[in-house]
Structure formats: structure tokens, C-alpha cells
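Undergrad: I have a structure here, written as C-alpha cells, and I will follow up with some questions on it.
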Amino acid sequence: MSEIRQRSPLNTTNNLSSTHPHISQPAQPGNALAASYLLKSSPTHHGQVMKLNVPLLYAMAPTWLQRILRTCPSPFRPSWKKRYMIQIGKYIYRYQINGSTSHQSKMKLKGTPISIDTVQSKPLHLTTYGLQTVNNQEIIAFAQDLPSSCSGYFSITTSGETRYYAVSSTEDANTWINSLRQGRQSNIELTLGHDKRPYPESWRYIDAIGEQRVNKNGRIKEIMKGSERKEMEMMEFMDGGATNRFS
């Protein structure tokens, strides 16, 4: 069951220390983004979700090939993966669930934290055909592929990438959407200096470590892109040399 909590003047480190004495001192950088630490730092919202995973081969395939791939083993077709999301401070953190959600220490942080002030969140429509966009122009997942335990769906779009999530009910989906929209507005106001409410020190520390991870992952992606460009240039150079030899 997900929970939502709005920031208030009472939600400061000093007041939290009475109920959560372990966060009066910052976590070490190695575990500051651990799910257990974030959940003990009064996050705005958190809960288990199912994320739609679409393999690259399936996404790039034409419609006729997608129909064939949907009959193949799961690595080749869309599937729903169990995840745990935590919204706190400036970011959304996503965790892979290994076992029960009660074993927070076994949750592994996945990917790059998502900056809330860039997020666009929208509901998705559930029809007899399956899961569709709001304007019903695109089928995201067919009815037979949807998780049986879920009846609420929403999407998160940031930096041109859209992720699709399923939760237990429509009410739960709406709670996520409203929380993310409120979080986006609050972070924009905070950046502009319009939000005068006290900002928890524990959140500031988590934000700083989250930003470090964002920057680190960004540098890794740039290095990988650079390597791919060099490989492409080398292949083009070698192809050009071969063409000259045989021309």
C-alpha cells in the first residue's frame, strides 16, 4: 500500500530525530540512497509498482514481427517487472525488489534517479483491448498481457523517455500522479525561492547524494556514446579504405 506525505514546517531534522534518531546523523555516502534510509527519512510518497519492460528488439520490430515475438519466451516480449518507487526531495528513486518488500535491505537501486521537476505524469486508459494512451491512439499493452493484480495505470515522461507503471487500483494511480505533480510544482517553487517552508536537512543530504549519482551515470553514458561514435567512425574509415582498394 503506497503512502503520501506532504512537506510541512514540522518536518525538520530536529523534529524527526525524536521519532527516528538514526537520521539525526547523515547516512554514509555508500548507503544514503538505500531504500531503508529513504523510507526512514519521511518520503513524500512511496509504494510498490509494476513497470512495463519493453525489449529493444520488440520496440524496433514492425507490427507483424511483434505479433510473432509475443508468442516467444518472455525475454523477447513485453513484461511487467516488480519495482518499488520512493519520491523524496528532488528525485524519484526506483528499486528492484528481491523477495518481500519488508526486506528493505535487499532492494537494489535501479538506474538513474529521476528529477521530479522534469516529470510529466499522466493516467492511462484501461479498455477491452488493453492499456491505451489518454487519447486512445496507441495501445501500450494488450489486455492478456496486463498484470492480474493491478487495475490502475499511469505513465512518467522525462527527457523524452516514457515509462509505464501499474498499481493495485485507479485510486493508487491517481495518488501517484497527484503526488508527482505536486512535487514538481514544489521543486520549481523551491528553485525560484518562492517556497518558504523549512526543507528537511535529511532531504538536502539525500538530494546531494542523488545528484552525485545522476552526474556519475551521465558521465558514464557520455563515455559510452563517445566509444560508439569512435567505433562507427573507425568502421566507416575501414569501409572507405576497402572501397578505394577495389575501385
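Each reported figure results from applying straightforward, stated rules to the coordinates on display, with no laboratory input. Here the structure is a predicted model, which is why all the values come from computation and not from measurement. Cβ: placed from backbone, ideal geometry, glycine included. Neighbour counts: every protein chain shown.
Undergrad: Give the order of ILE156, ILE68 when sorted by the count of other beta carbons within 10 angstrom, beginning with the fewest.
TA: Ordered by Cβ neighbours within 10 Å, fewest first: ILE68, ILE156.
Undergrad: Greater than 20 Å separation of Cα atoms is the criterion. Which listed pairs, LYS110/LYS216; LYS110/LYS221; LYS40/LYS216, meet it?
TA: From LYS110/LYS216; LYS110/LYS221; LYS40/LYS216, over 20 Å: LYS40/LYS216.
Undergrad: For the range 50-58, take each phi angle, set θ = phi - 60°, evaluate the Karplus expression 6.51 cos²θ - 1.76 cosθ + 1.60, and give the result in whole Hz per residue in order, putting x for glycine and proline.
TA: Once rounded to whole Hz, the list reads 10, 9, 6, 9, 10, x, 4, 4, 5.
Undergrad: Tell me which residues come under 5 Å, amide H to amide H, from ASP195 once H is placed; ignore anything under 5 positions away on its chain.
TA: LEU190
Undergrad: If the chain between SER74 and GLN120 were fully stretched, how many nm would it gain, using 0.36 nm times the residue separation less the Cα-Cα distance?
TA: Between SER74 and GLN120, full extension yields 13.6 nm more.
Undergrad: Ranked from highest to lowest mean number of other Cβ atoms within 10 Å per residue, what is the order of the peptides 203-209, 146-152? Before the final figure, lay out the partial values.
TA: Values: 203-209: 19.1, 146-152: 15.3.
Result, highest mean first: 203-209, 146-152.
Undergrad: What net charge do the residues around TYR165 carry, taking every other residue with its C-beta under 9 Å from that of TYR165, with Lys and Arg at +1 and Asp and Glu at -1?
TA: Local net charge: +3.
Undergrad: Under the rule of at least 5 residues apart or a separate chain, name every residue whose amide H is placed under 5 Å from the amide H of GLY130.
TA: Here ALA143 satisfy the definition.
Undergrad: Using 1/(1 + (r/R0)^6) with R0 = 45 angstrom and r between the beta carbons of LEU65 and LYS106, what's the FRET efficiency to the nearest 0.05?
TA: 0.75
Undergrad: Evaluate E = 1/(1 + (r/R0)^6) for LEU56 and MET234, where r is the Cβ-Cβ distance and R0 equals 25 Å; express this FRET efficiency to the nearest 0.05.
TA: 0.60
Undergrad: What are the ³J(HN,Hα) couplings of the range 68-83, residue after residue, when phi is run through the Karplus curve with 6.51, -1.76, 1.60 and θ = phi - 60°? Round to Hz, x for glycine and proline.
TA: So the Karplus estimates, Gly and Pro as x, are 5, 5, 5, 9, 8, x, 3, x, 9, 10, x, 8, 9, 10, 6, 9 Hz.
Undergrad: Here is a follow-up. Once you have the Cα-Cα distance between ASP195 and TYR129, take 0.36 nm times their residue separation minus that, and quote the gain in nm to one decimal.
TA: Roughly 19.4 nm would be gained on extension.
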